[in-house]
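S.K.: Okay, here's the structure, questions in a sec.
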Amino acid sequence: MFMNSNLFEPGKSKPERSFIQGAVKQNTRFDGRKSNEFRDVKLTFGAEWGTVAVSIGETKVLAQVSCDIGTPSSARANEGTLFLNVDIKGVAFLDEAQATHDQRFLTLNSLLERTFKSSRCLDLESLCIAVEQSVWCVRVDINVLNHDGNLYDASTIAALSALMHFRRPEVSYVEEEIRTFSERERELLPLLFLHYPVSVTYCVYKSSSQPLVDPTLLEENAADSVIVLSFNSYQELCTLNAGGTAPTNVRTIMQCARSAASRSKALVQFVRKALELDAERRQEPNRVAGLVDLLNETTPQLSFKHLMEEEVQTQTSTADQISGDEPMQLQETVSEEQTQTSTQMPENQIDDINWLPQGQNLSEEQQVDGVQLSLNEEVPTTAKAGKSKPNRGKNKAGKKQQSTPRKQNQSDSEEEVTQII
């Protein structure tokens with residue numbers, strides 16, 4: 001009996017697709033969110049370094065980071081290696097459909113490699129122990145516990161959080177011998193990052209011009225096109241993956257890129273703040289959760305909305321305090337400037353006659369007449385300049401006559417200056 005593999009995954013049948021596209025056309029979503037609204041992201045750190053559980057709605061992912069000493073590649077002998085592995089066998093309906101399983105595994109694995117390896121977010125040169133001999137090989141294992149849409153974002157957040165949370169032992173290389181120090185001997189070292197990439201997923205439908213962000217599994221399977229954008233904390237584009245049958249114009253892609261850049265920056269800030277809280281929690285005795293606690297959800301989860309809302313409230317309170325103090329300071333500064341200008345204006349007023357030497361002070365009428373005479377003398381010279389060639393001699397003679405009194409004036413001014421001195 002022939003069975004269609006797509007029927008095992010929700011959102012693949014024609015009635016479901018038509019129903020979801022009709023809801024998108026009316027700008028409604030099943031969970032009550034808006035088209036540009038995200039689901040809450042929750043992080044939980046385990047007892048071991050590099051163990052993180054991420055949940056976006058009902059989508060849950062577990063990431064674990066490990067490292068080992070190996071040999072480098074011949075092309076890059078002074079750099080360590082980063083290996084990413086995705087396991088989606090934990091989802092039941094994906095096991096039934098082998099074609100869907102392979103397709104999703106390959107696309108997710110290639111996207112993670114482009115996001116982390118091709119963008120070179122890790123400083124691989126810092127993982128080198130001895131050139132062409134031994135380097136650190138970092139491995140990230142991502143296990144999908146439940147899939148309810150937007151698996152790309154959950155996997156990238158889990159991989160980034162696990163890499164930032166991971167600590168490796170310190171190593172010394174003396175006389176061609178490698179010695180690894182334990183945690184009691186020396187403190188563990190974190191990995192060095194060049195940037196922090198995070199992906200954001202959008203779904204595009206032919207029935208609506210407004211893309212949906214953070215889609216569920218039904219919305220993702222019924223979409224005509226899926227756009228995945230990866231940005232770092234500096235709002236630089238790392239990867240772009242767009243595929244499907246819906247036509248996407250430049251305006252839609254730029255709209256998605258702007259919101260994805262701001263979203264990725266906020267997520268990186270959230271991960272950093274969560275790591276600070278985890279470091280504080282580790283200093284307390286008997287407060288570190290194990291792997292079983294992570295799976296059973298008995299450990300306290302760090303929510304994106306809770307942490308970022310507190311930060312926004314603190315920023316707004318400080319901004320209100322600053323804005324309340326600024327008007328008084330501005331009024332005081334304005335009143336001081338007005339008093340200074342009112343007292344300085346009579347002293348700083350410059351007369352046009354006082355700068356002349358003694359005996360040369362002229363009245364206003366003589367100055368005006370002098371200005372008019374100078375203008376009348378300059379006008380004929382400009383008019384003559386536009387005449388034909390025979391008048392060139394007259395112009396030269398006029399210039400010589402004008403140049404001689406200027407020399408006399410210059411000599412007179414020099415004599416006056418010497419007398420005053």
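S.K.: Residues in the stretch 199-211: is at least one among the small types (Gly, Ala, Ser), crowded, with 23+ Cβ neighbours inside 10 Å and out of contact with any Gly (no Cβ under 7 Å at 6 or more places or on another chain)? Spell out how you get there, then give the answer.
M.R.: We begin by selecting, within the stretch 199-211, every residue among the small types (Gly, Ala, Ser); these are 199, 207-209.
Cutting the leftovers down to crowded, with 23+ Cβ neighbours inside 10 Å gives us 199.
Checking the rest, the ones that are also out of contact with any Gly (no Cβ under 7 Å at 6 or more places or on another chain) come to 199.
The answer is yes; a qualifying residue exists.
S.K.: Among the residues of the stretch 214-229, count how many are open to solvent by 10 Å² or more (accessible area, probe 1.4 Å) and assigned to a helix (DSSP H, G or I).
M.R.: Residues that pass the stated criteria total 3.
S.K.: Among what's in the stretch 266-281 and is open to solvent by 10 Å² or more (accessible area, probe 1.4 Å) and over 12 Å from LEU307 (Cβ atoms), pick the residue that is farthest from the chain's Cα centre (by Cα).
M.R.: Ranking the qualifying residues of the stretch 266-281, first place goes to ARG281.
S.K.: Let me spell it out: the conditions are (1) closer than 27 Å to VAL204 by Cβ; (2) out of contact with any helix residue (DSSP H, G or I) (no Cβ under 7 Å at 6 or more places or on another chain); (3) in a loop (DSSP other than H, G, I, E, B); (4) at pLDDT below 90, and PHE105 meets all of them except one. Which number is the exception?
M.R.: (3)
S.K.: Could you tell me whether ALA77 is touching an Asp or Glu at 6+ places or on another chain (Cβ under 8 Å) and closer than 29 Å to SER225 by Cβ?
M.R.: No: the conditions fail for ALA77.
S.K.: Quickly run through the stretch 174-191 and pick out the residues that are surrounded by 10 or more Cβ atoms within 10 Å (Cβ to Cβ) and within 38 Å of the chain's Cα centre (by Cα).
M.R.: Here is the first cut: in the stretch 174-191, the residues surrounded by 10 or more Cβ atoms within 10 Å (Cβ to Cβ) are 178-181, 183, 185-191.
Once the filter is applied, which keeps residues that are surrounded by 10 or more Cβ atoms within 10 Å (Cβ to Cβ) and within 38 Å of the chain's Cα centre (by Cα), the stretch 174-191 yields THR180, PHE181, GLU183, ARG186, GLU187, LEU188, LEU189, PRO190, LEU191.
S.K.: Which of the residues spanning the stretch 163-188 are more than 22 Å from PHE45 (Cβ to Cβ) and out of contact with any Lys or Arg (no Cβ under 6 Å at 6 or more places or on another chain)?
M.R.: Correct list: VAL171, TYR173, VAL174, GLU175, GLU176, GLU177, ILE178, ARG179, THR180, PHE181, GLU185, ARG186.
S.K.: Could you tell me how many of the residues in the stretch 221-246 are within 20 Å of ASP148 (Cα to Cα) and of a type in the set (A, V, I, L, M, F, W, C)?
M.R.: Number satisfying all stated conditions: 6.
S.K.: Would you mention how many residues in the stretch 163-173 are under 35 Å from the mean Cα position of the chain (by Cα) and either of a type in the set (A, V, I, L, M, F, W, C) or part of a strand (DSSP E or B) (or both)? Full working, then the answer.
M.R.: Of all residues in the stretch 163-173, those under 35 Å from the mean Cα position of the chain (by Cα) come to 163-171.
Those left that are additionally either of a type in the set (A, V, I, L, M, F, W, C) or part of a strand (DSSP E or B) (or both): 163-164, 166-168, 171.
Number of matching residues: 6.
The values are calculated or read from the model by the stated rules, or taken from the named source; none is laboratory data. Keep in mind that this is a model prediction, so the values were computed, not measured. Positions of Cβ are generated from backbone atoms using ideal geometry, with glycine treated the same way; all protein chains shown enter the neighbour counts. All accessible areas refer to the heavy atoms of the entire protein, side chains included, with ligands and DNA or RNA removed. Shrake-Rupley method; radii C 1.70, N 1.55, O 1.52, S 1.80 Å.
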